[in-house]
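Enquirer: Encoded as structure tokens, here's the structure I'll be asking about.
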Amino acid sequence: MSILSKKLERNFDDACQIIGQVAIQKAARGEETSRKLLVEEISKLASRYKLLTGEEHLAMRMAIESLEHPV
């Protein structure tokens, strides 16, 4: 497996974990966990990350895109 493939696989795993964690947190607070609301929450996290680091979090971007454009 190439380095690029490994990195893509890791980003995918991280994206899945981010989606799951955000959904669980929202559910634990008794909030709705629709696709649209998950995108909004992860987008906020991604914006904060970029503000703090100056870089885009690729796994968050992948999570947002996978929720916005399901297969």
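Enquirer: How many Lys pairs in the chain lie less than 20 angstrom apart by Cα atoms, where the lysines are 8 or more positions apart or on different chains?
Expert: Details: K7/K50; K26/K36; K26/K44; K36/K44.
Lysine pairs satisfying the spacing and distance rule in the chain number 4.
Enquirer: Still on this structure, I have one more. For region 1-67, what does the accessible surface come to per residue with a 1.4 Å probe? Please give it in Å². Don't skip to the answer; put the middle values down first.
Expert: Numbers: 4820 Å² over 67 residues.
Ligands and nucleic acids excluded, the result is 72 Å² per residue.
Enquirer: Using θ = phi - 60° and the Karplus curve 6.51 cos²θ - 1.76 cosθ + 1.60, what whole-Hz ³J(HN,Hα) does each residue of region 37-53 get, with Gly and Pro shown as x?
Expert: 6, 5, 4, 4, 5, 5, 4, 4, 4, 5, 5, 5, 4, 5, 5, 6, 10
Enquirer: With an 8 Å Cα cut-off and a minimum separation of 6 or more residues, compute the relative contact order for region 24-71 in percent. Spell out each step's value before the answer.
Expert: Numbers: 25 pairs, mean separation 17.6, N = 48.
After rounding, I find 37 percent.
Enquirer: Sticking with this one: What nm distance separates the two modelled labels at L37 and K7, each placed 7 Å from Cα along Cα→Cβ?
Expert: In this crude label model, L37 to K7 measures out at 3.6 nm.
Enquirer: Same structure, new question: With every protein chain left in place, what is the accessible area of H69 in Å² (1.4 Å probe, nearest 10)?
Expert: Ignoring ligands and nucleic acids, H69 comes out at about 130 Å².
Enquirer: Of all the accessible heavy-atom surface of the chain, with the other protein chains kept in place and a 1.4 Å probe, what percent is carbon and sulfur?
Expert: Values: 3020 of 5300 Å².
The computed percentage sits at 57.
Enquirer: Hey, another quick one. For region 23-71, what size does the Cα cloud have along each of its three principal axes, sorted from largest down, in whole Å?
Expert: Each principal axis gives a Cα extent; for region 23-71 these are 32, 28, 12 Å.
The values are calculated or read from the model by the stated rules, or taken from the named source; none is laboratory data. In this text, all values refer to a predicted model and were calculated from it rather than measured experimentally. Virtual Cβ from ideal backbone geometry, glycine too; neighbours counted across all protein chains shown. Keep in mind that these areas ignore ligands, DNA and RNA; they rest on the heavy atoms of the full protein, side chains included. Shrake-Rupley method; radii C 1.70, N 1.55, O 1.52, S 1.80 Å.
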